[in-house]
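Undergrad: Structure in structure tokens, see below.
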Amino acid sequence: MAVRILLVEDDPDIVRSLQELLEREGYAVRQTDARDEAVRLATAPGHQAFDLALVDVTLRQGNGFAVCSAIKDATPEVPVVFLTASGDEYSTVAGLTMGADDYVAKPFRPRELLARIAAILRRSRPAAEQTLRLGDVELDPARARVTKAGRELVLTPIEYRLLLQFAAHPGRLVTRDAIREALWEEAGAYVSDNTINVYVRRLRKKIEDDPAHPQLVVTVRGLGGYRGVADPEEAPGGSPALDAGAADKGATGPDGATDQGGR
């Protein structure tokens, strides 16, 4: 089955060239030029899910930020790539902060765009074929559903994608650099270690039995990263003191909130 791409763009020339380019590569493209229609297509009950969305930031009716937010709320696992004007730093940072997976500046280079799409699909698709597990937390990527001991959890899009990184690679070191690349792509310069610490701490509050002594997502001392633990009973001892507060204490998130360790 062909990969389905939702193209949200209102410039007829760009739409024509993008559709020709993508369809030549074997992608199935559905296009709209309006925010409301894009949201309806991406989130309508019973709709056939898209594999990726290409979204222009500036639309004649509405804007791409609302489209990205709606897609990530309904299907957090679907990657969103923003099409932005060259040099538009504000839109780029705003889009990546709200959960977009990448951005491409206009005028875009066709081969670069195709390479970015292929790379994002490689990262997002393999894990969607099976249920992933960390302890009693189960993640069903096909339905974007997370449960703990059978009870459904409500995660933000970034929390969901962060959990996906740990659950897809249990036992392996996931560095902060890898998290930047997977969650924010080109935004490494804008996402500090403290911001990542905040997101990890918030995720732990939702998935751990005792967030002060994490067992499912543990900090790996000296290596600048974390490790997801599929079976806490079989895993070697973590570093609870570091996990609970030392690594994350005083970290400030992008919304200005500050998490204090050792609550």
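Undergrad: Are any of the residues in the range 78-92 at pLDDT below 85 and in contact with a Leu (Cβ under 8 Å, 6 or more places away or on another chain)?
TA: Here is the first cut: in the range 78-92, the ones at pLDDT below 85 are 84-92.
Checking which are in contact with a Leu (Cβ under 8 Å, 6 or more places away or on another chain) leaves us with none.
The answer is no; no qualifying residue exists.
Undergrad: Quick one: which of Val80, Val39, Val57 is in contact with a Cys (Cβ under 6 Å, 6 or more places away or on another chain) and outside the structural domain of Leu155 (by TED's automatic domain parsing)?
TA: After applying the criteria, what remains is Val80.
Undergrad: A further question on this structure: Within the range 193-230, how many residues are among the hydrophobic types (A, V, I, L, M, F, W, C) and outside any loop (DSSP other than H, G, I, E, B)?
TA: Counting residues in the range 193-230 that are among the hydrophobic types (A, V, I, L, M, F, W, C) and outside any loop (DSSP other than H, G, I, E, B) gives 8.
So that you can scan it fast, the table gives a plain yes or no per residue for (1) crowded, with 19+ Cβ neighbours inside 10 Å; (2) out of contact with any Ser or Thr (no Cβ under 9 Å at 6 or more places or on another chain); (3) basic (Lys, Arg):
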| position | (1), (2), (3) |
| --- | --- |
| Arg172 | no, yes, yes |
| Ile179 | yes, yes, no |
| Ser192 | no, no, no |
| Val198 | yes, no, no |
| Ala212 | no, yes, no |
| Gln215 | yes, yes, no |
| Arg221 | no, no, yes |
| Gly224 | no, no, no |
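Undergrad: Kindly evaluate Asp11 against the criterion of being surrounded by 19 or more Cβ atoms within 10 Å (Cβ to Cβ), among the charged types (D, E, K, R) and not assigned by TED's automatic domain parsing to the domain that holds Pro141. Give the steps one after another, and end with the answer.
TA: Working: surrounded by 19 or more Cβ atoms within 10 Å (Cβ to Cβ): no; among the charged types (D, E, K, R): yes; not assigned by TED's automatic domain parsing to the domain that holds Pro141: yes.
Criteria not met by Asp11.
Undergrad: Just need a number here: residues in the range 78-101 that are among the acidic types (Asp, Glu) and surrounded by 22 or more Cβ atoms within 10 Å (Cβ to Cβ).
TA: Going through the range 78-101 one residue at a time, the tally reaches 1.
Undergrad: Something else: With respect to Arg30, is the statement that it is surrounded by fewer than 22 Cβ atoms within 10 Å (Cβ to Cβ), out of contact with any helix residue (DSSP H, G or I) (no Cβ under 9 Å at 6 or more places or on another chain) and at pLDDT 85 or above true?
TA: no
The values are calculated or read from the model by the stated rules, or taken from the named source; none is laboratory data. Because the structure is a prediction, the values reported are computed rather than measured. Please note: Cβ atoms are built from the backbone with ideal geometry, for glycine as well, and neighbour counts cover all protein chains shown.
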